[in-house]
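Chemist: Could you have a look at this structure, given as structure tokens, before my questions?
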Amino acid sequence: MKRRAGQILILSVVAVVATIVASWPSLLSFLVQEGLQAARRAGTNLSWNGLTTGISSVGFDSLSVWIPGPRVKGTFTIPVSIELQRPSVTLNPSSLLSLSPSVTYTTQLYGGTLFGDAQRINGLVQVTGNVENVEIGKHPQLSSLGVRGGVSNGAFNGIEITQRGVEGGEFFMRVRGLEPPTIQAAKTILRTDNFGTLDIDAEGAISPSKVDLANIRVSSIFGSVVGRLTVSEHLSPSPSYNGSWEVSLSETGGAAVGPWLQLLPNAGLDTTTTSFLITASSVSCATARSSGTILRLGGGCVKLIFTKR
């Protein structure tokens, strides 16, 4: 009798486990959709199509999310869409044993791919990834403005995401053949219809107190710009900026930009200048001197100083 009862118990457990395993993808689909709906109710503008689930994976035909973009005036920002094609996330089952669940992810993005892994450690999410052949000009909003090309490759490592924002990690990015939109005012000022394309290289590190772009390089038919930029207190409403860039003008750049250099206040530049240094630092808008070149950036001001090389 006891033996039969034991067999019945084992069979019951097996039946329950089999039922859970068989129904788990449907349950996971329900949980994912509930999570997405909760994100919508919290104010996140997103949409999705073709949700599919497996024992340890979730995928979509497409997933779109709108994020705050550049600030235009005051608190008004232009939202920017991110459209992911065939994104998928797969759980690493062994990571559950260490109580630090990790997943791998992959998605098609504007003609290229984005893939990597993410792990939750001590209350924060740490993300590592690679960007391969993502074309900036295929972004619908940027394309409508006239942006073309811009094939991007890069990687980011140990990006730490907390409730405050991104507080750690390293990254590098390389963009080739980026064609900026044609602006009539720029054509008039620079007296050219040919702006060519831009090649951009950047690498940096993020900490809770600053973003340090230690190496920035931009090159075009007009010349090159090489330098660095540090954004301190980047998670605060009023970050501060400090940077320097060495500008080297090509023959084309000298002909287009040279006539305007002498108009820069207190710069000491003239039409023959082909190399100069730009330094930038945050200053109080209330005390900024009109004799310098002042840029309003976000809620503060940045003073630019030009020095002939």
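Chemist: In region 122-266, what percent of the accessible surface is made up of carbon and sulfur (1.4 Å probe, ligands and nucleic acids excluded)?
Modeler: 55
Chemist: A further question follows. Which net charge results when you count Lys and Arg as +1 and Asp and Glu as -1 among the other residues whose beta-carbon is under 10 Å from that of Leu277?
Modeler: Local charge sum for Leu277: +1.
Chemist: Please compute the net charge surrounding Glu233, taking Lys and Arg as +1 and Asp and Glu as -1 over other residues with Cβ under 15 Å from its Cβ.
Modeler: 0
Chemist: If I take R0 = 22 Å and measure r between the Cβ atoms of Ser56 and Gln163 in this structure, what FRET efficiency does the formula 1/(1 + (r/R0)^6) give, to the nearest 0.05?
Modeler: 0.25
Chemist: Right, another one. Tell me the per residue accessible area of region 136-187 using a 1.4 Å probe; a whole number in Å² is fine.
Modeler: Ligands and nucleic acids excluded, the result is 56 Å² per residue.
Chemist: Now a separate question. Could you sort Trp260, Trp48 by accessible area so the largest value comes first, with the probe set to 1.4 Å?
Modeler: Listed by decreasing accessible area, they come as Trp260, Trp48.
Chemist: Quick one: grab the alpha carbon gyration tensor of region 209-301, order the square roots of its eigenvalues as a ≥ b ≥ c, and give me rounded if a/c is under 1.5, else prolate or oblate depending on whether a/b is larger than b/c.
Modeler: oblate
Chemist: Between Glu179 and Ser64, what length comes free when the chain is fully extended (0.36 nm per residue of separation minus the Cα-Cα distance, one decimal in nm)?
Modeler: This chain segment gains 38.9 nm when fully extended.
Chemist: Given a 1.4 Å probe, how much area per residue of region 227-298 is accessible, in Å²?
Modeler: Counting only protein heavy atoms, the per-residue value for region 227-298 is 56 Å².
Chemist: Starting from the Cα coordinates of region 175-236, work out the convex hull volume and express it per residue in Å³.
Modeler: 113
Chemist: Still on this structure: With all protein chains present and a 1.4 Å probe, how do His139, His234 order by accessible area, largest first?
Modeler: The residues order as His234, His139, largest area first.
Chemist: Between Ile305 and Leu277, what is the spin-label point distance in nm, taking each point 7 Å from the Cα along the Cα→C-beta axis?
Modeler: Here the answer is 0.9 nm between the modelled labels.
Chemist: So how much slack lies between Asn122 and Gln37, counting 0.36 nm per residue of separation and subtracting their Cα-Cα distance, in nm?
Modeler: Gain on extension, Asn122 to Gln37, equals 27.9 nm.
Chemist: Take the cross-link list Lys138/Lys303; Lys187/Lys308; Lys138/Lys210; Lys187/Lys303 and give me the ones stretching past 28 Å between alpha-carbons.
Modeler: Beyond 28 Å between Cα atoms: Lys138/Lys303; Lys138/Lys210.
The values are calculated or read from the model by the stated rules, or taken from the named source; none is laboratory data. The model shown is predicted, which means the values in this text are computed figures rather than measured ones. Ideal geometry is used to build each Cβ from the backbone, glycine not excepted, and the neighbour counts take in all protein chains shown. Ligands, DNA and RNA are stripped out before the accessible areas are found, and what is left, the full protein with its side chains, is counted by its heavy atoms. Shrake-Rupley method; radii C 1.70, N 1.55, O 1.52, S 1.80 Å.
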